[in-house]
Amino acid sequence: MSTGTVAKPSAAPMKAGRRKLTWPWILLIVAGGLVLFSLVRVISGADDLTSVGQISGALQLAVPIAMAGLGGLWSERAGVVNIGLEGMMVLGTWFGAWAGYQWGPWTGVVVGILGGALGGLLHAIITVTFNVNHIVSGVAINILAVGFTQYLSNFTFDKAEGGSSKQSPRIDQITDITIPGLSDWLADLHGKHWFLISDIAGILGGLVTDLSLLTIVAALLIVATWWVLWRTAFGLRLRSCGENPVAAESLGVNVYKYKYIAVVVSGGLAGLGGAFLAIVSTGIYQEGQTGGRGYIGLAAMIFGNWMPGGMAMGAGLFGFTDSLKLRGGAENVHALLLLVALLLVIAAAWQLYRKKYVVAAISAAFSAAFFLWYALTDQVPSQFVDAAPYITTLLVLALSSQRLRMPKADGLPYRKGEGK
């Protein structure tokens, strides 16, 4: 065999992957979105689209979903699918309210986290130790959590003053922060309804008006999750368990330990979201108040491509549309028809630039349909208003599905010793 020649690597360049968004591009997209929102507000006359109250309400509605999504991110980055987020949120609402009305709201927050973590521990035992199917375990936890909290309510809230078998007594509120002077000035500036300037003022005003301290804690947890999972050795080991647990074990990583930690933290974060619902959003525990937010948090996590920032954007999107439904209802959602039509025009132009003519034609056709719907009606049916947040979530998930990549070993069975 001749050894005079050595095989050379192919000179053909590798196919370039999708470019990662840099900060200049992200800021440009945000600026474009603000201009588009301002344009829709001016044309439609729906001035509440970017009001201080709308943004403040959206933020409050987004936090429980974001905490559930963040919990799902921790669990799935370690390779454990967590459909049980809804049940863990239910445990967080009940335990948070139970402790909150007796010993104060912050005690309720801590106990709510522990309640959710208890659900996470159960999920970890079932899936990690006994290797039961993750979906089956999650569904079982959701069912058990509802039954368990109903049972407990009969022995606690039903006998408490101001409570019943389906709700708790009133819970003291956690302190809200409003920056004096700045909040009023931004609200006045938004009231002038100037193009773009008033919209920016409304958004900033929503961030400094009636802001719960627990909302700030939730925002810090999102940043802390990014730092822990992507900037520390602990996070690298945890994520390796979700990508290739066999390889991780061969390098000395205790895969079981990291999976347990991730799933318990996941439950605690979902429990925090539930405690937020009971203590901050309503000030009372009510049976069924999670309303499927655990599942929506899971959808927000998938939309965000298993990344904290993207997950927060998904939660914010749902919170925004949900707040629109509560503040102004049909008028605000009607204005969204114009927004969708304009976004489809931009999508059609982008597809034409990429020479994907069929997709561009479909986008243009749907854009025309939404323009007609907006022009020929004054408001949308009440049923559509109620469903708008859920429809928005499904549409965003469908449109972003081609860019998603879950952890490679997410949901796959693993047994200790496979890496030896």
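The values are calculated or read from the model by the stated rules, or taken from the named source; none is laboratory data. Everything numeric here is computed off the predicted structure, so don't read it as measured data. Because the Cβ atoms are built from the backbone with ideal geometry, glycine has one as well, and the counts that use them run over all protein chains shown. Each accessible area value is taken on the protein alone, full model and side chains, heavy atoms only, with ligands, DNA and RNA left out. Shrake-Rupley method; radii C 1.70, N 1.55, O 1.52, S 1.80 Å.
Below, the figures for the structure above:
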item	result
Complete set of residues in the stretch 35-46 that are more than 26 Å from the chain's Cα centre (by Cα) and open to solvent by 50 Å² or more (accessible area, probe 1.4 Å)	39, 42, 43
Search result, residues across the stretch 101-117 that are among the hydrophobic types (A, V, I, L, M, F, W, C) and open to solvent by 50 Å² or more (accessible area, probe 1.4 Å)	103, 106, 110, 113, 114
Any hit, the stretch 313-327, residues being among the basic types (Lys, Arg), in a helix (DSSP H, G or I) and either in contact with a Gly (Cβ under 8 Å, 6 or more places away or on another chain) or farther than 21 Å from residue 71 by Cβ (or both)	yes
Meets criteria (surrounded by 18 or more Cβ atoms within 10 Å (Cβ to Cβ), part of a helix (DSSP H, G or I) and in contact (Cβ under 8 Å) with a residue 12 or more places away in the chain) for residue 409	no
Some residue of the stretch 105-124 being farther than 30 Å from residue 158 by Cβ and in contact with a Phe, Trp or Tyr (Cβ under 8 Å, 6 or more places away or on another chain)	yes
Of all residues making up the stretch 156-192, the number that are open to solvent by 70 Å² or more (accessible area, probe 1.4 Å), closer than 21 Å to residue 290 by Cα and outside any loop (DSSP other than H, G, I, E, B)	1
Any chance residue 146 is part of a helix (DSSP H, G or I), more than 29 Å from residue 257 (Cβ to Cβ) and either open to solvent by 20 Å² or more (accessible area, probe 1.4 Å) or in contact with a Gly (Cβ under 9 Å, 6 or more places away or on another chain) (or both)	yes
Pair list, Cβ under 9 Å, 6 or more apart: the stretch 185-207 residue on the phi > 0 side of the Ramachandran plot, other residue surrounded by 14 or more Cβ atoms within 10 Å (Cβ to Cβ) and of a type in the set (Lys, Arg)	193/41
Residue within the stretch 135-150 that is in contact (Cβ under 8 Å) with a residue 60 or more places away in the chain and in contact with a Pro (Cβ under 6 Å, 6 or more places away or on another chain) present	no
One residue from 314, 310 being under 20 Å from residue 29 (Cα atoms), crowded, with 19+ Cβ neighbours inside 10 Å and free of Cβ contacts under 8 Å to residues at least 12 places away in the same chain	310
The stretch 118-134, residues that are assigned to a helix (DSSP H, G or I) and open to solvent by 20 Å² or more (accessible area, probe 1.4 Å)	118, 121, 122, 125, 126, 129
Wholly enclosed helices (runs of 4 or more DSSP H) of the stretch 230-284 bearing at least 3 residues within 21 Å of the chain's Cα centre (by Cα)	233-243, 255-276
Tabulated pairs, the stretch 164-184, first under 13 Å from residue 216 (Cβ atoms) and in contact (Cβ under 8 Å) with a residue 60 or more places away in the chain, second of a type outside the set (D, E, K, R) and outside any loop (DSSP other than H, G, I, E, B), C-beta under 8 angstrom, 6+ apart or interchain	174/105; 174/106; 174/109; 174/212; 174/213; 174/214; 174/279; 174/280
